[in-house]
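S.K.: What follows is a structure written as C-alpha cells; I'll ask about it next.
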Amino acid sequence: MKNKTNNFLKIVALINLFFLAQTNLVAQELFPLKVNNKWGLYNNRGEKKISIEKDYYSILEFNDGIALFQKTEFMQYFGYINEKGEEVIEPKYLWKYYFKDGIARAYLDNYGFIDKNGEVIIDFKYDIAQEFSEGLAAVKIGEKYGYIDKKDTVIIPLIYDYASSFSEGFAAVKLNDKYAFIDKNGVPLTEFKYRTVIDFSEGMAMVMTDKGVGYIDKTGKEIIAPRYNEGHQHFVNGLAMVKLDKKIGFVDKTGKEIIATKYEEAGDFKDGLIPVKLNNKYGFVNKLGQTIIDLKYDIVGYFSNNLAVVTLDSKSGFIDKTGKVIIPLKYDICGEFKTNLAPVILNSKGGYIDATGKEVIALQYDDLSFFSEDLASVKSNGKYGYINTIGKLMIPFEYDKAEAFTNGVAKVTLDGKEFYINKLGKKIE
C-alpha cells in the first residue's frame with residue numbers, strides 16, 4: 001500500500017511540474033519592444049530576455065512564430081525575425097504580408113511566396129497574388145486571374161477578369177463584367193449574371209442585380225430574390241440586415257422578413273438582441289422582431305456583462321436585457337462593462353461602478369480609462385498614475401500621459417519623454 005501511495009504522490013508531483021512548466025511557458029511568451037533606441041524581446045514582466053543588435057525602424061508582433069520588421073522609416077522594405085531575435089529574412093520585400101501556415105506572399109517586382117527561411121517556394125511571377133485560403137490562392141498574370149495550389153500548380157486556369165479568395169468552398173469570379181461563384185474545381189455554381197457579389201458566410205452569399213440585393217445558398221438558388229436597396233455583406237447568427245426605401249429590417253435564411261423594414265437605424269445581432277432606432281428613439285428587438293426594450297432612449301450601447309449603457313435627456317445609466325433599469329440614469333458619461341467594473345463620470349469627476357451600481361472606486365479623478373490587465377490609468381491634479389480594481393494606487397501620479405498596459409508594460413510620458421514601465425512602475429531599461 002505504501003508503494004502505491006508513493007507512486008501516486010510521484011504522479012501528482014509530475015503533473016504539477018508539467019502544469020508549472022506550461023505556466024512558465026505562457027509567462028515567457030515574448031514580444032518586441034524598443035527601449036532607449038534599442039530593440040529587444042521582453043516578457044510580460046517587462047524583462048528583456050533577448051537583445052536585438054540590429055537597428056530597425058519598427059518590429060511588429062509575432063505571428064505564426066515570426067515577426068515583420070521595417071529597416072528604416074523612409075525605405076518601405078520589410079524582412080522577418082524569428083522568436084530568438086535573429087534576422088531570418090532580409091529586408092527586401094515591399095508591403096507587409098504576414099505568415100500563415102508557414103507561408104507568406106511577398107512582393108519584389110512581382111508577387112511570389114516564401115517560407116519562414118526566406119526560401120522562394122513560388123516564383124515571383126504574378127502581377128497580383130492573394131494569400132492562400134482553403135488550399136488555393138488567387139493569382140493574376142496580365143489581365144487574367146486564376147488559382148494555384150501551394151506547389152504552384154494551376155488548379156483553375158487564369159481566365160477570369162477578377163477572382164476572390166475561397167470561402168466555404170466557393171469563390172467569387174468576374175468574367176465579361178459579370179460575377180458568379182465557382183467551386184474548387186472551377187465549376188460555376190451560378191451563371192455570370194451579377195453586378196457584384198460578396199463571399200459566402202453561414203452558407204449564404206449576397207448578390208446584386210439591376211433589381212437590387214438578394215442572397216443565394218450553396219446550390220446557387222436565389223433564396224432571397226434581389227429586391228433590396230442594400231444588404232449586410234454577411235449573415236450573422238442566421239440573420240442579414242437589409243434596407244428598402246431607406247428603412248432597415250432583417251431577413252432569415254429562408255427569405256422571410258423576420259424584422260420588418262421599418263427602422264431608421266439598426267445594429268448587429270448580439271447577445272440575443274438588436275439595437276434599433278425609430279422616430280429618433282432607440283430600443284431593442286429580439287430575433288423574432290418583438291420589441292423587448294421600448295424605443296425611448298436617445299442613445300443605447302451593446303450589452304456587455306448583461307448590461308447596456310442607455311442615455312436619456314443627457315443622463316446615462318444601465319439596463320438589463322428585460323429593459324429594467326439596474327443602474328439609474330444619473331451619470332454624464334458611462335463606459336461599458338469591459339471587466340467587472342465600468343468607468344463613469346459625473347460633474348467632471350470619474351470613478352468606477354460594479355454591476356449593481358455600487359461606486360466601488362469613488363468619483364474623484366479628472367480622467368480615467370478602462371481597466372487593462374487589472375490596472376487603469378487615472379488622472380489627479382494634472383498627473384497620471386495607475387490604480388488596481390479596488391482603487392489602490394499602484395503606480396504614483398507622476399506622468400503627463402499614461403497608456404493602457406499590454407503584455408505587462410505601458411507607455412508613459414514624462415517631461416516630453418516617452419518610455420515604458422512595468423506593473424511595478426519600474427522604468428524598463
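Read the figures in this text as sums done on the coordinates, not as results from a lab. Since the model is a prediction, treat every value here as computed from it, not as a measurement. FYI the Cβ positions are ideal-geometry reconstructions off the backbone, even for glycines, and counts take in every protein chain you see.
S.K.: Run the dipole for the range 300-429 about the Cα centre, Lys and Arg Cβ at +1, Asp and Glu Cβ at -1, nothing else charged, and hand back the magnitude in debye, nearest 20. Intermediate values should be presented prior to the final figure.
M.R.: Working: 16 positive and 16 negative charges, 37 e Å.
That gives the range 300-429 a dipole magnitude of about 180 debye.
S.K.: Okay, moving on. Along the charge dipole of the chain, pointing to its positive end and built from +1/-1 on Cβ of Lys, Arg, Asp and Glu, which listed residue (Tyr365, Leu414, Val197) has its Cα farthest out?
M.R.: Tyr365
S.K.: Find the eigenvalues of the gyration tensor of the Cα atoms of the range 128-275, then list the square roots of 5 times those eigenvalues as equivalent ellipsoid semi-axes, largest first, in whole angstrom.
M.R.: Working: eigenvalues 195, 50, 30 Å².
Sorted largest first and rounded, they come to 31, 16, 12 Å.
S.K.: About the Cα centre of the chain, what is the dipole size in debye to 20, counting +1 per Lys and Arg Cβ and -1 per Asp and Glu Cβ, all else neutral? Don't jump to the answer; show the numbers that get you there.
M.R.: On the way: 57 positive and 58 negative charges, 219 e Å.
The dipole magnitude comes to about 1060 debye.
S.K.: Roughly speaking, what is the stretch gain from Asn305 to Asp115, that is 0.36 nm per residue apart minus the C-alpha to C-alpha distance, in nm to one decimal? Could the numbers behind the result be given before it?
M.R.: Numbers: separation 190, 0.36 × 190 = 68.40 nm, distance 4.26 nm.
Working it through step by step, the gained length comes to 64.1 nm.
S.K.: What's the magnitude of the charge dipole for the range 212-295 around its Cα centre, counting Lys and Arg as +1 and Asp and Glu as -1 at the beta-carbon? Answer in Debye, nearest 20.
M.R.: 120 debye
S.K.: Also, quick follow-up: Under the 0.36 nm per residue contour assumption, what length would be gained going from the current alpha-carbon distance of Gln76 and Lys349 to full extension? Intermediate values should be presented prior to the final figure.
M.R.: On the way: separation 273, 0.36 × 273 = 98.28 nm, distance 4.50 nm.
Working it through step by step, the gained length comes to 93.8 nm.
S.K.: I would also like to ask the following. Tell me the relative contact order for the chain as a rounded percent, counting alpha carbon contacts under 8 Å between residues six or more apart. All intermediate terms of the calculation are to be shown ahead of the outcome.
M.R.: Details: 1022 pairs, mean separation 22.9, N = 429.
With pairs under 8 Å counted, the relative contact order is 5 percent.
S.K.: Please report the spacing between the Cα centers of the range 116-186 and the range 381-429 in Å, no decimals.
M.R.: Distance between centres, Cα-based: 48 Å.
S.K.: Given just the C-alpha atoms of the range 30-167, how large is their convex hull per residue in cubic angstrom?
M.R.: About 108 Å³ per residue, rounded to a whole number.
S.K.: Just to verify a number: FRET efficiency for Ser201 and Lys246, C-beta to C-beta distance, R0 = 35 Å, to 0.05?
M.R.: Details: r = 25 Å, r/R0 = 0.72.
It comes to 0.90.
S.K.: Let me ask you something else. Which value in Å does the Kirkwood hydrodynamic radius of the chain take, with 1/r averaged over all unlike C-alpha pairs and then inverted?
M.R.: Working: mean 1/r = 0.0378 Å⁻¹.
Result for the chain stands at 26.4 Å.
S.K.: Let me ask something else about it. Report the FRET efficiency, 1/(1 + (r/R0)^6), for Ile155 and Lys100, where r is their Cβ-Cβ distance and R0 is 22 Å, rounded to 0.05.
M.R.: On the way: r = 18 Å, r/R0 = 0.84.
The calculated FRET efficiency here is 0.75.
S.K.: What spacing in nm lies between the two simple spin-label points modelled at Asp271 and Arg45, each 7 Å away from Cα in the Cβ direction?
M.R.: The two pseudo-label positions are separated by 3.7 nm.
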